Amino acid sequence: MVLELHVWGPAFSLPSIDSQCLAATSYLTQAVPRGEWVLVASSDTAISPKRDLPALRDGTTTIGGFQNIIDYLHQKSNGQWHLDGHFTDSKDQADITAFSSHLHTHALPLLDLSLYVSSQNYTITTRPAYTPLLPWPTQYFIPPRRRALAKSRTEHLGLDSLDLDTVDDEERERRKVTDLIPDALRTKNKETVSGLVKQQQGGKRFRLDTLVDALCEPLSALLGEKRYLFSDESPSSLDCLVLGYLSLVLVPDVPMKWLRERMESKWPGLVKFVKSGVEECFGGRVRVEDALMGDDGEEKGKKLPWRASELRGAKFAEKMIWNGVLDTLPLYRNTILTSPSNPDSDPVHPTPSQSSALLPIIITATTALAAVAGYVLYAGFGGESENRRLSDMGEAGAIFAGLDFGDPEPETRTEIPKMRRGVPVGLEVDVAVDEKG
């Protein structure tokens, strides 16, 4: 039976919008013969025991997660489909394990910051990329949910605002107004709020560059002048993982290019490695149509063996909405168990019959929570004027935050200053007075 690799669908001319899915696609492309597997852009996390993609389906067996897929292919093929089998040295095996952990620790937060935390990159590039991959209306709540997850993973970095060029825009607007002030009335060498903010943003850029260098320096040293990370002849699973992460650094055309600019200016060897890998493993640019329509047999030269997903249309949308709602409910979430003997084992989800038994309780709880949330939202507390977030409202708010349609952009009003004798009214100016005697 043909293996099915289920992934998040294509984006940015890459086979997937997800780094782990790109790594798994790269691995199967190089390890498994073409006729033995197909690539399915299902974007359906429910098929995976880990509730995330990639997932490999072999008949009635489904394996979730990049490393688990590698181990399964090794076992199924008796070592024939095992890229790391070429590296028998214990040091190489230890390096593969250590650098894989290094990538997850350092590369994932950078991708989160670039593609999701940055408002401009998320709004202009990342969120629209999900639209052709998901049925209506799931494209309205799945991207915000993934963005919220990315924010939670990077919260410890303290880099919640990454749109560095917005400060420059504010500075230009300020100069337009101050140019109207006569030279004699302008304050000289006085530190402004915009200047302080710009200094803070400059500090953030320095921290970002430091994070990029911490990721790339060990990888660059390992690569050296070789074609692959460990040799010139054969790739490893680590090569696939590096390609999965760094291709999402270099390929997407985002407005805020700080991550790609640092890579291109400081680590050209890794840039060359990634570009070569994209061409070798993915066959160059990938179209969304290739994934959604599958391989119709007319383009046998295509690098990837696409098969159209069977999970499309209204039933798929209903399934994803239902799964999304259930995942936000504390009562349902508590039924996802882990084997007591092995805390690291895959979670065991309730069976359909168990889920059905929970329905009356879920509906009752949801109705009550909706009433509480409605009262909080519309009645307020003591006429407080500050804005409230759904996430601040406990379990009830968490339910609605899970179905968030995105944060509305704050309304900004700009008043044109009135002129009086060449000086805008309402502007504070410092007038130097020479007091004598």
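Values as computed for the structure displayed
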| quantity | calculated |
| --- | --- |
| Residues satisfying the stated conditions in region 289-312, i.e. modelled with pLDDT under 80 and under 15 Å from Leu5 (Cα atoms) | Leu292, Gly294, Asp295, Glu310, Leu311 |
| Test set (1) without any contact (Cβ under 8 Å) to a residue 24 or more places away in the chain; (2) assigned to a helix (DSSP H, G or I) - Ala107 fails condition number | (1) |
| Residue ID - surrounded by the most Cβ atoms within 10 Å (Cβ to Cβ), chosen from residues in region 14-42 that are modelled with pLDDT of 95 or more and polar (S, T, N, Q) | Ser16 |
| Checklist (1) in contact (Cβ under 8 Å) with a residue 24 or more places away in the chain; (2) more than 24 Å from the chain's Cα centre (by Cα) applied to Thr61, failing item | (1) |
| Subset of region 232-252 [within 20 Å of the chain's Cα centre (by Cα) and either buried (at least 24 other Cβ atoms within 10 Å of the Cβ) or at pLDDT below 95 (or both)] | Cys240, Leu241, Val242, Leu243, Gly244, Leu246, Ser247, Leu248, Val249 |
| Enumeration of residues in region 267-296 that are outside any loop (DSSP other than H, G, I, E, B) and farther than 22 Å from Ala129 by Cα | Pro268, Gly269, Leu270, Val271, Lys272, Phe273, Ser276, Gly277, Glu280 |
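The values are calculated or read from the model by the stated rules, or taken from the named source; none is laboratory data. Keep in mind it's a predicted model, so treat the numbers as computed, not measured. Glycine gets a Cβ as well: all are built from the backbone with ideal geometry, and neighbour counts include every protein chain shown.
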